[in-house]
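Following: one structure in C-alpha cells, then a few remarks.
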Amino acid sequence: QVQLVQSGGGLVQAGDSLRLSCAASGRTSGSYAMGWFRQAPGKEREIVAAISWGSATYYADPVKGRFTISRDNAKNTVYLQMNSLKPEDTAIYYCAADPRMLFTTTLSDYDFWGQGTQVTVSS
C-alpha cells in the first residue's frame, strides 16, 4: 500500500501561482510513476502532468508552458508548480502513484490516490 498526502491549493486570482505537494509513504521502495490529475465540476477527471522515476515528464496541452511537475525521490514527494493560473484551471487536483510502472499517463493505471485539494482561480 502507498499513502499519498497532498498539501497546497487554495483560492487565487488569475495570473497568480500555486504549488501543490504530494508526499508518499508506505511501500515506496522501487521506481514508480506519479501524476497529477484534476476534476472540474461536471467533468471527468483528466491528467494534468506525469513524471517518471527518472524525471521524464508529460504535460496536457492546456497546461504546457505554465505548469511544472517535479519529484524528489529522496523525500518521496512530487510537486506541481502552477504559474499563470486561469479560471479554467479551477478544479480539485489529485496526485496519484503507480508502483507497477515507470511512467504512465493513463488514469486507470494509477492504483493510489491522494485526498484531493481544491484549486480555485478567480477572474
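The values are calculated or read from the model by the stated rules, or taken from the named source; none is laboratory data. All values reported here derive from a predicted model rather than from experimental measurement. Heavy atoms of the whole protein, side chains included, go into the accessibility calculation; ligands, DNA and RNA do not. Shrake-Rupley method; radii C 1.70, N 1.55, O 1.52, S 1.80 Å.
Quick rundown of the values:
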{"read-out": "Accessible surface of the chain [probe 1.4 Å, protein heavy atoms]: carbon and sulfur percent", "value": "48 percent"}
{"read-out": "Residues of type lysines that Lys86 reaches as a straight line, Cα spacing below 25 Å, ignoring anything fewer than 8 places off in the same chain", "value": "Lys43, Lys64"}
{"read-out": "Among Arg38, Arg71, Arg27, residue whose mean-square fluctuation peaks in a GNM of the chain (springs only between Cα atoms under 10 Å)", "value": "Arg27"}
{"read-out": "Whole-number accessible area per residue in Å² for the chain, which is evaluated in the context of all protein chains at 1.4 Å", "value": "50 Å²"}
{"read-out": "Relative contact order computed over the chain (Cα-Cα under 8 Å; 6+ residues apart), in percent", "value": "37 percent"}
{"read-out": "Projected area, mean over directions - the chain, Cα convex hull, nm²", "value": "6.7 nm²"}
{"read-out": "Percent RCO, i.e. relative contact order, over segment 1-64, from Cα pairs under 8 Å lying at least 6 residues apart", "value": "23 percent"}
{"read-out": "Cα centroid separation - segment 72-102 against segment 1-59, whole Å", "value": "2 Å"}
